[in-house]
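The values are calculated or read from the model by the stated rules, or taken from the named source; none is laboratory data. Predicted model, so just to flag it, every value in this text is computed and none were measured. Reconstructed Cβ throughout: ideal geometry from the backbone, glycine too, with neighbour counts over all protein chains shown.
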Amino acid sequence: MIVIGGSSSQALASKVAGELGTEAGALELRRFPDGEKYLRVLTDIKDKNVAVIQSIHHTPDELLFEFLLLTDTLKDLGARKVIAFIPYFAYARQDERFKTGEALSFKTVTKLIESVGTDEVYTIDMHQHRVLKSSEVFKIPSHNLSAMPLLANYAEKAGKLEKPLVIGPDAEAEQWAKIAAERLHTDYDVFEKTRLGDAHVEVRPRRADAKGRDVLIVDDIISTGGTIVEAVKILKSQGARRIQVACTHPILAPGAVDKINKVGVQDVFGTDTVPSPISLVTVAPLIAEHVKTISD
Ligand code: R5P
């Protein structure tokens, strides 16, 4: 098995290869003067299985195209199987036609990934709100892993919170709150959220009362930080003690972390599915654990 990282995930691929006691495969990537991408596979992958790691974030169209180019090339050069690890999977949020005429981007992206011969796909805490399983859109075997146990372990070590109440800031976050709470042997609840615009949300509490409790808020994505800020305001008004915030994918629009710090929470962290200043937890062991299960 050879691990190769695309340009968004080369550091992560090296860490995964390190976990497996090997070195990541090498690529030459550059641009032609007209802006087109040049890609060359420098490692011999003939008759081998290849794990391609490429997070598709921030410049999703470019990174998706690079993934397609890479996978197609690997198959053409004789790779036996290409297993895609796409830690952050862009376009999953457009999984429905909310307005007449809209693109079903999620479906289009999965079709493209399949079209180049990808044999299997792994994602991490993919944004699954209306589509509840990746197998509803992928025809090839697909697996959605969770970084929540890793984030909960980190929270436990870093925050020294006492039996924290785990909060998911919206109904969809229940899947992640449940995993984190189970790992920390504690209880959880979710809030209700209405999105008013790209950067504005309204969040309302349900049953949980954070009075006198330490709290760990977990979510898949922090983008503008608006969701977390509203959740923190509620928790503070209820009388929460210390608050930690964890997310799998720190997409972080400009000013997001500052916004969260300003409502009195300094302890904000995420994983390296999206490299960022708060990517304090690596998903390399999670990916390596699954790469190991793929037989040569
Ligand atoms: C949406 O439902 C996601 O799970 C996150 O809650 C959302 O993407 C966070 O966005 P923002 O940080 O902009 O509020």
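Numbers for the structure displayed
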| item | result |
| --- | --- |
| Complete set of residues in the stretch 10-38 that are touching a Gly at 6+ places or on another chain (Cβ under 9 Å) and assigned to a strand (DSSP E or B) | 27, 29 |
| Single residue of the stretch 37-58 satisfying the filter (touching a helix residue (DSSP H, G or I) at 6+ places or on another chain (Cβ under 8 Å) and of a type in the set (A, V, I, L, M, F, W, C)) that is surrounded by the most Cβ atoms within 10 Å (Cβ to Cβ) | 53 |
| Strands (runs of 3 or more DSSP E) within the stretch 169-283 that include 2 or more residues crowded, with 21+ Cβ neighbours inside 10 Å and modelled with pLDDT of 95 or more | 188-190, 215-222, 243-250, 268-271 |
| Total residues in the stretch 59-110, condition part of a helix (DSSP H, G or I) and within 20 Å of the chain's Cα centre (by Cα) | 15 |
| The stretch 10-27 residues that are under 17 Å from residue 74 (Cβ atoms), paired with ones that are polar (S, T, N, Q) and not in a helix (DSSP H, G or I) (beta carbon under 7 Å, 6 or more apart) | 25/43; 26/43 |
| Residue in the stretch 138-187 that is farthest from residue 265 (Cα to Cα), counting only those that are aromatic (Phe, Trp, Tyr) and touching an Asp or Glu at 6+ places or on another chain (Cβ under 8 Å) | 138 |
| Unique residue being under 29 Å from residue 55 (Cα atoms), more than 16 Å from the ligand (Cβ to nearest atom) and in contact (Cβ under 8 Å) with a residue 60 or more places away in the chain when the list is 151, 216, 145 | 145 |
